Amino acid sequence: MAKLSRRDFLKYAGKGAIGAAAASMLPLSGLAEGPGGPGGPGGPFGGPASLYTPGTYTATGTGRNGDVTVTMTFDENNITDIVIDISGETQEIVGDAADKLTKAMFDKQSADVDAVTGATLTSDGVKEAAAKCIAQAKGVPYEALTGNVADPTAITNPDGTTTYYSMRRSWLGEAPQIAETDIAGEYSADVIVIGANYSGAPCFRMACEKGNTCIVIDSQSEETFNSYGGELGHFNSTWQEKVLGVPKSTFDPTDFIDSWQLQSAGRAQPDLIRKFAQRNGEIVDWMFEVYDDVAQVTSVATIDQKDNKYNYKKGHFWTYPATANLGSGGMGSSGNFCKAQVQKGLEASPDSRAFYEMTAKVLIKDGDTVCGVICQDEKDGRYYRFMSKKAVVLATGDFSANSEMYSALCTEVQECNPYTRLTGSGRSGYGHRMGIWAGGVMEIGPRAAMGGATSALPMGFFGAAGGLWINKYGKRFCNECFGVPFVAGCQSARQPINSSIVQVWDNGHWREFAQNQALGHFNAADISDAKMDEYQQKLDEAYAAGPAGANGVFAADDLETLASYLGFEGKEAENFVEAVKTYDSYAEAGKDPDYAKAPDMMFRINEGPFYAEKITRNANLVLVTLAGLFVDGNGAVLNQDFEPIPGLFAVGNASGGRFPLQYTSPMNGISIGMATVLGALTGEYIGEEAPVVSSGDSATSALGTK
Amino acid sequence: MSSLTPMVLDLRMPFYPIKSTYDKRTLVEMQDPAMVQAYVQALRREAEAAAADYADCEILAVHIGGGIAGHADDEGLGQLLRDMRRGFHFADDAQVSLKLHPGMVSVETLNACQRGRVNRLSVDYVTSDPFESEAIGRFLPPNVMETTMMVLGNSPLALSFDLITGLPGQSEASLMRTLDQVKAYGAKEIVLHPLQIIPETAFADRCREYASSTSPRRHLPNEKESDALWHAAQAWCAQEGYLPDSPGRFALPGWESNYHRLMAEGIASLGFGLGAVTRTDGAEAVNISDLSSYIRYAPDPTKIIATVRPLAM
């Protein structure tokens, strides 16, 4: 009988000549034959897309008396043979369990079959072993396939020592093996920067300007190159003087270092913080050379500078006003800002190059030294080798889009959200994995994400303001302004999972409250009087809406009524009223004996109408994770012995050492501020001080090639 | 005029981050990344096996949905879309639309869109009101759209917003705020869905509780009230320049969904994935709904097509 294509099958069956079930008896053409399918390896669909890697795999499981062994053979899409060895089990008990399990797994093409009655333990061991075989054939970790995650993990090293890990590592996977015959070409430079965004672009430019030949690589297309965020936080730049009218001498770097380390409990990399504090203004001036007129670059925050009345120290911590919109000033977009940095570098170093639509796949090592990277061209799928003489810099972004990695590494965020599959808006963490495959390690935990439930404060009515916070029991529970917003919010994340945090303010003092918050990330950037008038309109709508509320806000003339609108009843309602009145008394007295909130961050709540909003925790508001590879003060990636790996550096969100506990954010845009400034300073170090560690030619023995 | 037969593609990504409270379509909870990756690879195999059969067709539009496509397996999806452009003949101006959920868009999602030349995003927004969102059981509050907008930045992707009218606690005022909000986000198209309470869903159970609640935030609009909300939304669309292009869909001129318009006109369509529907050559075929079987047998239409019936001429 002639073979039918899919299209012919539809025509034949659709005419009703036969039912679909009978039609399924007909042999078909056009099915995948060989690893490449109808098009073969060179076909349009680009290679193997089978379910299994064909072969025979063996694994063990724990039976009743000890190990049981299963050996399975696979073709591309099926299990073709199963051999079960349960010879160590008690034969009088297991009987013909092996035969039954073999048939069941073969018929179902799965390890997920019913246990044999009377031989449950043996069956479970066989199923476990079979599942491991399937995992091997699929090329995924057994833990990822079954959800059975091993914790903790101890790995025996080649030298016989053991490394103990406190976190899951199933997200790591294995470095890809790229055949030498697949390498279509090779390039060489002093410095290879992987990633042309906020940290990579200034790194590249600086290294170029220091006299190095450099290559920058990015997976995006140059034409549609995009960055997100676009707010650069810093202090003491020329821009700060010209646009904000705040003199360069206003902020002492020592205060920044002190505030930062206090909020980091001493865990930030001291030299990275020192370098940022001491040189960020100078580096921002350098980066802003790409603007025709710095004065045209707009500010994120609008602070009334008249008479210099704004107090930048909030509570015990310093906050800063200088956050520039990188996409303004004629630049068009923050992506263009990054491209402009790259262009400056190319102008300074004509032999340097930028490669777009090129994705890094695996680092190349010569012994312990990282000497290059293999990349894949997004346009044609071919691989290219980029060899470095001094450094490969990972400027590859974060890992928030990789849920498994995010969950394993950012333990505080996951533990604050036990029912939430963590997801973020950033990158996949592939750069981190490349660094670890090359011998690097993650920075020591806990590891931060930008926002998430460690703050439990997505943008409320006034942003991440620290007013009076009340929990589901009607009680105040913490110092709402300990540190900048995301640090202060940690206690909110420790409140009952299925509850909201209520923030309360009054009509008499809300303007003062809103206009005197810390200038931290996610606080209201616009605190002008005009903006306050907009808020007033929304508050009026809430008042008019009565018990229904509006814009997420409830309003009432008295606290008892407000409590009822919020859903507080009985004892909780009484607690709510008492909490507000107690807080008000503390604000009036200028002292918080309960939680030591700084007096200048407490505002009275005694003049109605009274307003309140319910704020729910939201782990998945995270923009990016902020945890990176363990680095030293020069940005060099450290190995398991905490020693620098020759030739490997990390910057931006691929780098650790900046936000060790939480998103310390004394101004909007500090993440981009650190990424750009430290990226540039790492480029400066590499350009001026880092030694040549490789010849720049292909290594004879290299990680990731065969 | 092209000699190729015009066609649209429907790629089913049936994943949802958590089990939906109000939707009973073929949806899979997105718990196991390996399973999601295996599914996307299965989609590739199904498409790869079919591509040669339809070499005489020109793809005018692609719809990637049936669940939340964004963030499921961004890398795999990007590869699939890029490969599909190589395997099928795409019109130069083919409209490629991806369904996503607010807060579930990452830079990797955008990279996947870039690889596949996705030019349109369909946002499962529902409402801007946090109370309404909670009442229907959405797992993320509406303000996560702010994060998504930040990620999208200057992206040229056109945005279409799916909204629901008649939600518990919804008033005309709150509905207008939702509409104003999506307009502020730059909506090119607004899709209005009247609330449907599907039996045996978690939301149906909630509605039974709401029926006895006195809170205005839990009031379920009756038929007359729902109708009024629907018409109010339509009137708003008309006033703001969003013109009706197919039932429930309102778009700024030039921004209509080509996929839905062409489907309404009866164009041939090729569906890949779980529960996907194919209409070509006088027949309508529906794929199976069993995930494991689909992954195993994806290239074999005799095993993954559950039903075939002739289309009325």
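Pairs of Cα atoms nearer than 8 Å and 6+ residues apart set the relative contact order; for segment A:55-145 it is 35 percent. Label separation (A:Asp558 vs A:Thr181): 8.7 nm, computed from points 7 Å beyond Cα along the C-beta direction.
For A:Asp529 and B:Asp281, a Förster radius of 60 Å and the Cβ-Cβ distance give a FRET efficiency of 0.35, rounded to the nearest 0.05. Taking amide H as placed 1.01 Å from N in the peptide plane, B:Ala283 has its amide H under 5 Å from the amide H of B:Leu311, each at least 5 places away in sequence or on another chain. Average accessible surface for the protein assembly as shown: 38 Å² per residue, computed with a 1.4 Å probe over protein heavy atoms with every protein chain in place.
Over all pairs of different C-alpha atoms, segment B:189-313 has a mean inverse distance whose reciprocal, the Kirkwood radius, equals 18.3 Å. Extending 7 Å from Cα along the Cβ direction at B:Asn119 and again at B:Glu265 yields two label points whose distance is 1.6 nm. 3J(HN,Hα) couplings calculated from phi for segment A:622-629 with the Karplus curve 6.51 cos²θ - 1.76 cosθ + 1.60 (θ = phi - 60°) are, in sequence order, 4, 7, 9, 7, 10, 9, x, 5 Hz; Gly and Pro show x. The largest accessible area among B:Ile68, A:Ile444, A:Ile84 belongs to the first residue in A:Ile444, A:Ile84, B:Ile68, and the rest follow in falling order (1.4 Å probe, all chains). Legend: residues B:His260, B:His63, sorted from most to least accessible area (1.4 Å probe; ligands, DNA and RNA excluded), read B:His260, B:His63. Working from label points 7 Å from Cα in the Cα-to-Cβ sense, the A:Gln536 to A:Gln261 distance is 4.6 nm. Calculated [222 nm] ellipticity per residue, helices only, for chain B: -11000 deg cm²/dmol; basis is -39500 (n - 2.57) per DSSP H run with n ≥ 4, divided by all residues, nearest 500. Ordering B:Leu229, B:Trp255, B:Thr280 by Cα displacement along the dipole of chain B toward the positive end leaves B:Thr280 in first place; charges were set at the Cβ atoms of Lys, Arg (+1) and Asp, Glu (-1).
Sequentially through segment A:438-450, phi angles give Karplus couplings (6.51, -1.76, 1.60; θ = phi - 60°) of 8, x, x, 10, 6, 4, 5, x, x, 10, 9, 10, 7 Hz, Gly and Pro residues having no value and appearing as x. Counting Cβ atoms of other protein chains within 10 Å of each residue's Cβ and taking the mean over peptide B:136-142 gives 3. With the charge dipole of segment A:463-521 set up from +1 on Lys and Arg Cβ and -1 on Asp and Glu Cβ about the Cα centre, the Cα lying farthest toward the positive end among the listed residues A:Gly467, A:Ala493, A:Cys481 is that of A:Ala493. Remark: accessible area buried at the A-B interface is about 5800 Å², both chains counted, probe radius 1.4 Å. Straight-distance candidates among the lysines for linking to A:Lys571, with alpha-carbon spacing under 17 Å and chain neighbours fewer than 8 residues away dropped: A:Lys472, A:Lys475, A:Lys581.
If you count Lys pairs in segment A:55-145 whose Cα atoms are under 13 Å apart, skipping same-chain pairs closer than 8 places in sequence, the total is 4. Just the protein heavy atoms count here, and of the accessible area of chain A at 1.4 Å, carbon and sulfur take up 48 percent. Each residue of segment A:463-478 was assigned a 3J(HN,Hα) from its phi angle through the Karplus expression (A = 6.51, B = -1.76, C = 1.60, θ = phi - 60°), giving x, 8, 6, x, x, 9, 10, 10, 8, 5, 8, x, 10, 6, 9, 6 Hz with x at Gly and Pro. Taking amide hydrogens as placed 1.01 Å from N in the peptide plane, the amide H of B:Leu121 sits under 5 Å from those of B:Leu98, B:Ala158, B:Leu159, B:Ser160, each at least 5 positions away in sequence or on another chain.
Excluding residues on the same chain fewer than 8 positions from B:Lys183, give the aspartates and glutamates whose Cα lies under 18 Å from its Cα. Cα-Cα hits under 18 Å: B:Asp124, B:Asp129, B:Glu146, B:Asp162, B:Glu172, B:Glu240, B:Asp245, B:Glu256. Under 5 Å between amide hydrogens, built in the peptide plane, is the criterion, and for A:Val362 it picks out A:Ile374 among residues at least 5 positions away or on other chains. Got the relative contact order for chain A handy, in percent, Cα pairs under 8 Å and 6 or more residues apart? Over chain A, the number comes to 17 percent. Within chain B, the proportion of Cα pairs with more than 29 Å between them is 38 percent. When the listed pairs A:Lys531/B:Lys188; A:Lys242/A:Lys275; A:Lys210/A:Lys379; A:Lys339/A:Lys379 are checked against a 22 Å cut-off, the alpha-carbon distance exceeds it for A:Lys531/B:Lys188; A:Lys242/A:Lys275; A:Lys210/A:Lys379. Hydrophobic long helices, here whole DSSP H runs in chain A with Kyte-Doolittle means of at least -0.5 and Cα atoms spread over 30 Å or more along the helix axis, are not found. When A:His509, B:His193 are compared by accessible area at a 1.4 angstrom probe, the order from most to least is B:His193, A:His509. With a Förster radius of 45 Å applied to the beta-carbon distance between B:His231 and A:Lys108, the computed FRET efficiency rounds to 0.30.
The local environment of A:Gly652, defined by Cβ-Cβ distances under 11 Å, has a net charge of +1 under the rule Lys, Arg +1 and Asp, Glu -1.
Heavy-atom accessible surface of B:Leu192, to the nearest 10 Å², is about 10 Å², with a 1.4 Å probe and all protein chains retained. Counting, for every residue in B:95-107, the Cβ atoms of other protein chains within 10 Å of its Cβ and taking the mean gives 4. Placing +1 on the Cβ of every Lys and Arg and -1 on the Cβ of every Asp and Glu, with no other charges, gives the protein assembly as shown a dipole of roughly 820 debye about its Cα centre.
Roughly how crowded by other chains is peptide B:145-156, in terms of the mean Cβ count from those chains within 10 Å of each of its Cβ atoms?
Counting Cβ atoms of other protein chains within 10 Å of each residue's Cβ and averaging gives 5.
Is the shape of segment A:205-253 best called rounded, prolate or oblate, per the rule: a/c under 1.5 gives rounded, else a/b larger than b/c gives prolate, else oblate, with a ≥ b ≥ c the square roots of the Cα gyration tensor eigenvalues? Judged from the Cα gyration tensor, segment A:205-253 comes out oblate (a/c at least 1.5, b/c at or above a/b).
Taking a ≥ b ≥ c as the square roots of the Cα gyration tensor eigenvalues, with a/c under 1.5 meaning rounded and otherwise prolate when a/b beats b/c, else oblate, which class fits chain A? Oblate.
Each stretch of four or more DSSP H residues adds -39500 (n - 2.57); spread over every residue of chain A, this sum gives -8500 deg cm²/dmol at 222 nm. Which percent, nearest 5, of DSSP beta bridges in the protein assembly as shown are antiparallel? Roughly 55 percent of the DSSP beta bridges within the protein assembly as shown come out antiparallel.
Accessible surface for A:Glu689 stands near 120 Å², nearest 10, in the context of the full protein assembly shown (1.4 Å probe). The value of relative contact order for chain B, using C-alpha pairs under 8 Å at least six residues apart, is 20 percent.
The values are calculated or read from the model by the stated rules, or taken from the named source; none is laboratory data. Computed from a predicted structure; not experimentally measured. In this analysis, Cβ positions are derived from the backbone assuming ideal geometry, glycine residues included, and neighbour counts consider all displayed protein chains. Areas reflect the complete protein model, heavy atoms only, side chains present, ligands, DNA and RNA absent. Shrake-Rupley method; radii C 1.70, N 1.55, O 1.52, S 1.80 Å.
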